[in-house]
Amino acid sequence: MASRFLLILLAFLSFGLNPIWAQQAEYDSNYVEVHPELFVLRFYFSKKYSNLNINVPDQDRNLIYRPNSGNNLGLGFTYQKFTLNIAGPVSFLNPNRQPDFPKYLDLQAHIYPRKMIIDVFGQFYNGFVLSKDQLLFSDQNYLREDIKLRKIGLNVNYLFNGEKMSLQAAFNQSHIQKRSAFSPFVGFEVYGGKVSGDSLLIPSSEQLDLINFQRMDYFQLGPNAGAAGTLVFGKGFFLTGVTGVNLSTGYSKWENGSSQKKWGVFPTFFLRGFAGYNSRKFSINANYVWKNLGLVEDAPFDQGVLTGNYRINFIYKFSVGKSFERKFQKFNPMQWISKD
């Protein structure tokens with residue numbers, strides 16, 4: 001299933017991204033300032049995660065399995081349309097993180113060229129924790145280092161008024177939004193993955209045998225639509241919000257001794273929020289990307305994969321010399337996918 005889905009995802013990427021990079025990145029200068037000559041250096045705090053949410057039928061509670069991902073410190077830069085960020089968890093920010101859990105990999109790319117909104121996910125989590133405050137019959141956290149979550153996904157949207165609104169200004173601060181702007185968008189998304197463990201996921205002490213399972217596979221795709229807007233106020237302060245609703249068609253499959261599979265049509269949601277201060281020299285801001293990936297329900301099974309990425313950025317922008325500019329241009333991978 002995973003190999004087939006990867007082929008589908010690569011096909012969408014090949015079809016969708018090639019013409020995107022070829023377009024001329026021309027903004028309305030009354031609304032957006034572009035400074036390709038500036039080197040944008042960032043120091044940031046962040047956290048990425050994908051939680052498994054299991055709804056308990058006839059009870060006002062959820063079981064939320066959280067990965068052992070932790071809070072990160074990172075460094076990054078943006079220059080000549082190329083962005084690189086590297087971050088990792090540090091011990092003093094994660095006193096409750098399990099030191100012996102297996103390693104994980106969370107690859108998220110949030111790409112916002114002119115008139116486009118693109119989000120790519122490749123998440124491979126190993127080891128989850130169910131906190132004791134969610135359990136009725138236990139006073140200890142439920143640790144499952146054997147549970148694995150896999151999620152691969154792509155979200156692509158066309159921003160109708162993209163020449164007046166720069167999401168790069170909100171997300172990586174390589175641009176500056178000078179005036180408030182608003183735009184609707186339309187697009188599509190596709191997701192697939194699985195959750196599995198060496199045994200049933202829910203502890204037997206909770207007496208929830210009816211909704212327990214050892215493995216779940218899912219796949220879904222469909223069109224979406226939404227709106228994005230930036231409010232600019234004061235001298236450099238901004239608030240940006242992006243809201244999208246998707247109508248998915250797909251299936252979920254559960255295994256708990258026997259297996260069952262169901263197809264369905266259902267909504268999912270994607271929210272993005274950005275706030276802060278952005279100028280030609282400095283930027284301080286907070287970003288939050290949140291995807292509510294609800295899955296097909298088949299009573300009594302009702303699950304969702306909730307993905308988030310929040311970040312606090314401290315940014316300094318400066319000019320570099322002509323020698324550095326020429327040398328960087330030779331190795332910049334963006335020159336191979338963009339002619340402007």
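The values are calculated or read from the model by the stated rules, or taken from the named source; none is laboratory data. Since this is a predicted model, take the numbers as computed values, not measurements. Glycine also receives a Cβ, built like all others from the backbone with ideal geometry; neighbour counts cover every protein chain displayed.
Structure data summary
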{"quantity": "Any hit, segment 67-80, residues being surrounded by fewer than 20 Cβ atoms within 10 Å (Cβ to Cβ), modelled with pLDDT of 90 or more and not in a strand (DSSP E or B)", "calculated": "yes"}
{"quantity": "Considering residues of segment 231-283 that are of a type in the set (Ser, Thr, Tyr) and farther than 17 Å from residue 166 by Cα only, the residue surrounded by the fewest Cβ atoms within 10 Å (Cβ to Cβ)", "calculated": "258"}
{"quantity": "Options 309, 332: the member that is under 26 Å from residue 189 (Cβ atoms) and either surrounded by 14 or more Cβ atoms within 10 Å (Cβ to Cβ) or polar (S, T, N, Q) (or both)", "calculated": "309"}
{"quantity": "Hits in segment 107-164 - residues which are more than 19 Å from the chain's Cα centre (by Cα), part of a strand (DSSP E or B) and either under 25 Å from residue 28 (Cβ atoms) or among the aliphatic types (A, V, I, L, M) (or both)", "calculated": "129, 130, 143, 147"}
